[in-house]
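The values are calculated or read from the model by the stated rules, or taken from the named source; none is laboratory data. The model shown is predicted, which means the values in this text are computed figures rather than measured ones. Neighbour counts are summed over all protein chains in view; Cβ atoms, including those assigned to glycine, are modelled from backbone coordinates with ideal geometry.
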Amino acid sequence: MTKKKITVQGLTISIEEIQEEDFVSLTDIAKQQNKTEPRFLILSWLKNQSTLEFLETWEEVHNDDFKRDQMVTFRLEATANRNVVSIKKLIEATNMIGLKSKSGRYGGTWAHADIALNFMYWLSPSFQVYFVKEFQRLKKEEFSRQSLEWHISKITDGIEDVRNLLDTIPGQKPNKNRLK
């Protein structure tokens, strides 16, 4: 699990790589709105009919084990003003993979990058634009680093191939073809 942080408009947002996918802290993003407790903003977003339709569609596309029938129940419950949607219950009942809820000091609500963008659009479209720009910069940086690592590994593999070839020449001492 790789952890990264990006800063968008002075706000630090945590990103974790979980099973090779980027999950963004919705809790950190919600802190952008200083007036409201982050968890209440996230719960308000989850009560939105469009949000629930988006989550349902996203899970259907990305999750073979998604329990769609349970999602229908949650959608009906969430739209009633007297009900509060529990993120943990939603995840457990529907077998969602796009949302994560963690307890404790470094806890909070985490969402796949696609879902986090939906949350940002609901919260602040202009903030979303700045986030996308910074996220793309981070991805370019990661790609460059991985590309460099790949090239270095190819060079070192090539050096090893040359050393092995030199070892086959009669009269060569293999120890002389190795760095100490």
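Among residues of the stretch 28-56 that are within 23 Å of E16 (Cβ to Cβ), those with a beta-carbon under 7 Å from a residue that is surrounded by fewer than 18 Cβ atoms within 10 Å (Cβ to Cβ) and of a type in the set (S, T, N, Q) at least six positions away or on a different chain give the pairs D28/T12; D28/S14; Q32/S124; L41/Q33.
If you take just the helices (runs of 4 or more DSSP H) that sit entirely in the stretch 65-146, which of them hold at least 1 residues that are touching a strand residue (DSSP E or B) at 6+ places or on another chain (Cβ under 7 Å) and in contact (Cβ under 8 Å) with a residue 40 or more places away in the chain?
Values: elements: 68-79, 87-94, 113-123.
Correct list: 87-94, 113-123.
Of the residues in the stretch 123-132, at least one is modelled with pLDDT of 70 or more, under 18 Å from the mean Cα position of the chain (by Cα), loosely packed, with under 14 Cβ neighbours inside 10 Å and not aromatic (F, W, Y). What residue, among those in the stretch 67-120 that are at pLDDT below 90 and hydroxyl-bearing (S, T, Y), is nearest to K3 (Cα to Cα)? My answer is Y106.
Looking only at the stretch 1-33, how many residues end up being surrounded by 13 or more Cβ atoms within 10 Å (Cβ to Cβ) and part of a strand (DSSP E or B)?
Keep residues of the stretch 1-33 that are surrounded by 13 or more Cβ atoms within 10 Å (Cβ to Cβ), which gives 4, 6, 8, 11, 13-18, 21-33.
In the following step, the residues that additionally are part of a strand (DSSP E or B) were identified as 4, 6, 8, 11, 13-18, 21-25.
Final tally of qualifying residues: 15.
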